[in-house]
Amino acid sequence: MEINLKEAGKRFNKEWIFRGLDFHFESGNAYAVVGNNGSGKSTLLQCIAGATNLSQGKCTWTENDFSEETNTGEHIYRYFSFAAPYMDVIEEMTAMEFLRFHHSFKPLLSGISHMDLLKEVQLESAADKQIRYYSSGMKQRIKLAMAIFSETPVLLLDEPCANFDQAGFDLYKQLIAQYANNRLTIVCSNDPAEYAFFCKDTIDIRAYKPANKKASF
């Protein structure tokens, strides 16, 4: 999978979040989108994922003979897996029920069962517990597991270690090392500890904020 941003910009009302962003993401590489809180990292990631439309420019996704552009990419979700602390989970379901539901839309990595997945993130003892009784760190492990263990060429991670203690952070590093090597991975974070150990390219979103942030029509 390759992703190409050309003159990409996003505004809310008349205020530009970013503008004039040109970048090419290549399969098998890892990238970090950095900037302070509220700088637009998450917005950029959601535009890349096709979850929200750009206000200006294009985002093109290419996978073998597949090619779509933002605003028309109705099937692009099949190629992406996404984890973020603000994502909702169905808390009335148990972890096992939720994973089965999620993976009815996206297959698991080959050779991985749902219980294998829960063991990898050290939640096998809570497999039949409703997610609403999980701690914030346990919920984040489920979200991260859904993304990492889905069979997709692109892995998008927004603040992946939010709500993690040191054990959770160590687990994150282990999962990245084992399961993210051959994928296009994009991490949004303002903490170098979340990306510096494996991301070789960095985009500072603040470099794409116009001096005059008001949109012109």
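The values are calculated or read from the model by the stated rules, or taken from the named source; none is laboratory data. All values derive from a computational prediction rather than experimental measurement. Here the Cβ is made from the backbone with ideal geometry for all residues, glycine too, and neighbour counts use every protein chain on show.
Kindly indicate whether any position in region 148-157 is closer than 29 Å to VAL33 by Cα, part of a helix (DSSP H, G or I) and modelled with pLDDT of 95 or more.
yes
On the given criteria, is PHE169 assigned to a loop (DSSP other than H, G, I, E, B), over 21 Å from GLU63 (Cβ atoms), at pLDDT 95 or above and out of contact with any Asp or Glu (no Cβ under 7 Å at 6 or more places or on another chain)?
The answer is no for PHE169.
List every residue pair whose Cβ atoms lie under 8 Å apart, where the two residues are 6 or more positions apart in sequence or sit on different chains, the first residue falls within region 203-214 and is under 14 Å from ILE17 (Cβ atoms), and the second residue, located anywhere, is modelled with pLDDT of 90 or more and exposed (fewer than 13 other Cβ atoms within 10 Å of the Cβ).
Note: pairs meeting the criteria are ARG206/ASN36; LYS213/GLU15; LYS214/GLU15.
Looking only at region 94-113, filter to residues that are assigned to a helix (DSSP H, G or I) and in contact (Cβ under 8 Å) with a residue 24 or more places away in the chain; which one of those is nearest to TYR134 (Cα to Cα)?
Among residues in region 94-113 that are assigned to a helix (DSSP H, G or I) and in contact (Cβ under 8 Å) with a residue 24 or more places away in the chain, the one nearest to TYR134 (Cα to Cα) is ALA95.
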